[in-house]
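Worksheet: the structure to be examined is printed underneath.
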Amino acid sequence: QVQLVESGGGLVQAGGSLRLSCAASRTVSDFNAMGWCRQVPGEQRELVAVITNSGRTNYASSVRGRVTVSRDNAKNTVYLQMNRLKTEDTLVYHCSGTLFGLTYWGQGTQVTVSS
């Protein structure tokens, strides 16, 4: 059973920073890829950032230059460092991991950016 647990969300002023964490129940390097998505209610999830097991990263154009995805294999944790936050970044952020063709999701953590 794979579990992903996010933390680090909260309320921050526009221009501020947050670091989200995703703790996995197994070694993060086992996953083909891990990433972060966010979802507007009633719409599809938007991929924000992804890191592959080889360490390659990719970002949505809406956040490129403001966020960094990284992982700590020793802590079984993936991070999303978000800087220069905007009010439109206010969403629930979900961690995901792809393993043996299956994608697992965490419950999400709320990020709220005030003006």
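Counting only strands (runs of 3 or more DSSP E) that fall entirely inside region 7-68 and contain at least 3 residues that are of a type in the set (Gly, Ala, Ser), the qualifying elements are 18-24. If you check TYR59, TYR79 for being open to solvent by 10 Å² or more (accessible area, probe 1.4 Å) and over 18 Å from GLY10 (Cβ atoms), only one passes: TYR59.
Among the residues of region 1-56, the one identified as open to solvent by 70 Å² or more (accessible area, probe 1.4 Å), over 22 Å from LEU99 (Cα atoms) and within 14 Å of the chain's Cα centre (by Cα) is ARG19. Test ARG71 against the criterion of being in contact with a helix residue (DSSP H, G or I) (Cβ under 6 Å, 6 or more places away or on another chain), part of a strand (DSSP E or B) and of a type outside the set (Phe, Trp, Tyr), and give yes or no. Yes; evaluated as a whole, the condition is true for this residue.
Residue pairs whose Cβ atoms lie under 7 Å apart, sitting 6 or more positions apart in sequence or on different chains, and linking a residue in region 1-17 that is hydroxyl-bearing (Ser, Thr, Tyr) to a partner that is part of a strand (DSSP E or B), are SER7/SER21; SER7/THR109; SER17/MET82.
With the structure loaded, tell me whether ARG71 is touching a residue at least 12 places away in the same chain (Cβ under 8 Å) and within 20 Å of LEU91 (Cβ to Cβ) or whether it fails that test. It is false that ARG71 is touching a residue at least 12 places away in the same chain (Cβ under 8 Å) and within 20 Å of LEU91 (Cβ to Cβ).
Is at least one residue of region 82-92 surrounded by fewer than 17 Cβ atoms within 10 Å (Cβ to Cβ), in a strand (DSSP E or B) and not acidic (Asp, Glu)? No. Restricting attention to region 93-115 and to residues that are over 14 Å from the mean Cα position of the chain (by Cα), open to solvent by 20 Å² or more (accessible area, probe 1.4 Å) and not hydroxyl-bearing (Ser, Thr, Tyr), the residue that is nearest to LEU18 (Cα to Cα) turns out to be LEU102.
The values are calculated or read from the model by the stated rules, or taken from the named source; none is laboratory data. No experiment lies behind these values; they were computed from the predicted model shown. Every residue, glycine among them, receives a Cβ derived from its backbone with ideal geometry; neighbour counts consider all protein chains shown. With ligands, DNA and RNA removed, areas are computed over all heavy atoms of the protein, side chains included. Shrake-Rupley method; radii C 1.70, N 1.55, O 1.52, S 1.80 Å.
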